[in-house]
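Below is one structure, written out as structure tokens; the observations come after it.
The values are calculated or read from the model by the stated rules, or taken from the named source; none is laboratory data. Fair warning: this is a prediction, and the values are worked out from it, not measured in the lab. Here the Cβ positions follow ideal geometry from the backbone for every residue, glycine too, while neighbour counts run over all protein chains shown.
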Ligand code: F3S
């Protein structure tokens, strides 16, 4: 194999087409990326998370590309999950999606299934069994999941694109560059936060502010009170919210929190002397940037990234015995929905919907008639105006549920 990228005998055979055209195409993508980024070798991967699942983003050209690869014999060789699709696979007809779009989306999922991928469509695979261990090499594509896997679990993945993640799944390898290497996991920015975020919206607003300044760097965050005055470390939900927001407003794929995240605890990733410093005194600017003007709320969207069991339980507590006025969609993984059966029953008795497999950024929202949204997610508030054409309000969960009960969200 040319240049400096070393391939094992088996990898060379795959590259030469000895395992068929589908594997050869996958190896061509993996090797090309390796050469572009100066990789010296490939690494075996433990799992893949593929983005590019919604027909809204893929279109007919993307569907043809998948069908062709599947027909050539493409099969994944490591556990692989999918990012959210454009519909809830089981409930699409009662949620208002058109049959045309649903059938196009089902064709996309059929193409992935033909490659041996379970149709598990979620951005939180780590909550439902695809939970990497420290040091595992991965090829994950969803930016919030990439951030969580790298930062909180200590696994190693670059922020893959849809085709490169799928190629990695088909050959079971990715090129060893970027965040697969120790030297590239050292922080680039020191971020001092002078107040401890409390609600999930606080963590999202903080992530928005940090991501906007750090862009694709690696922040080393010093919280005023890293384990809280009560000795409680940030929860997984808080960390997933923080990482999702940083990955949206910037392109942060890895962050460290002093005394909290595993590589910061291990002690080798602090930023070098002279690294840029960022001070965050309060979160007002983050809230202001993400909060729009709408007062009339058609839809309350919770679950970006996909809601955990704890979040579903908390939402159920807030709506129990009440009747909602606006639509409430709580998006989650199908498996989380199954595990949260009691909370689902309570939320749906109040008139809400617990929606699996999709989210309001990748769903064809224009088919659903919503014009304004309230959300507690900084990532959703960042993307929904451009991706879904919605006027968006950003506020804490309690305020969002109040908006679902009244159809209104007043500005403070
Ligand atoms: Fe997940 Fe959709 Fe948010 S993919 S992270 S719920 S934008």
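Restricting attention to the range 295-314, which residues are within 16 Å of the ligand (Cβ to nearest atom) and either assigned to a loop (DSSP other than H, G, I, E, B) or loosely packed, with under 13 Cβ neighbours inside 10 Å (or both)?
308
Can you go through 91, 104, 72 and tell me which one is more than 16 Å from the ligand (Cβ to nearest atom), touching a helix residue (DSSP H, G or I) at 6+ places or on another chain (Cβ under 9 Å), farther than 28 Å from residue 24 by Cβ and modelled with pLDDT of 95 or more? Let's see the steps before the verdict.
Working: 91 fails: touching a helix residue (DSSP H, G or I) at 6+ places or on another chain (Cβ under 9 Å); 72 fails: farther than 28 Å from residue 24 by Cβ.
Result of the check over 91, 104, 72: 104.
Mind counting the residues in the range 227-241 that are at pLDDT below 95 and buried (at least 17 other Cβ atoms within 10 Å of the Cβ)?
1
Identify the residue in the range 120-132 that is in contact (Cβ under 8 Å) with a residue 60 or more places away in the chain and surrounded by fewer than 22 Cβ atoms within 10 Å (Cβ to Cβ) and, among all such residues, is farthest from the chain's Cα centre (by Cα).
Result: 129.
Of the residues 244, 270, 264, which is more than 16 Å from the ligand (Cβ to nearest atom), crowded, with 21+ Cβ neighbours inside 10 Å and either modelled with pLDDT of 95 or more or not in a loop (DSSP other than H, G, I, E, B) (or both)?
Matching residue, one of 244, 270, 264: 264.
Among the numbered criteria (1) at negative phi; (2) crowded, with 17+ Cβ neighbours inside 10 Å, which one does residue 357 miss?
Result: residue 357 passes all but (1).
Looking only at the range 381-412, which residues are under 19 Å from residue 311 (Cβ atoms) and surrounded by fewer than 17 Cβ atoms within 10 Å (Cβ to Cβ)?
396, 398
Can you confirm whether residue 292 is under 25 Å from the mean Cα position of the chain (by Cα), surrounded by 24 or more Cβ atoms within 10 Å (Cβ to Cβ), within 27 Å of residue 206 (Cα to Cα) and touching a residue at least 24 places away in the same chain (Cβ under 8 Å)?
Values: under 25 Å from the mean Cα position of the chain (by Cα): yes; surrounded by 24 or more Cβ atoms within 10 Å (Cβ to Cβ): no; within 27 Å of residue 206 (Cα to Cα): yes; touching a residue at least 24 places away in the same chain (Cβ under 8 Å): yes.
For residue 292, the condition - under 25 Å from the mean Cα position of the chain (by Cα), surrounded by 24 or more Cβ atoms within 10 Å (Cβ to Cβ), within 27 Å of residue 206 (Cα to Cα) and touching a residue at least 24 places away in the same chain (Cβ under 8 Å) - is not met.
So how many residues does the range 52-78 have that are in contact with a strand residue (DSSP E or B) (Cβ under 8 Å, 6 or more places away or on another chain) and over 24 Å from residue 21 (Cβ atoms)?
Matching residues across the range 52-78 total 2.
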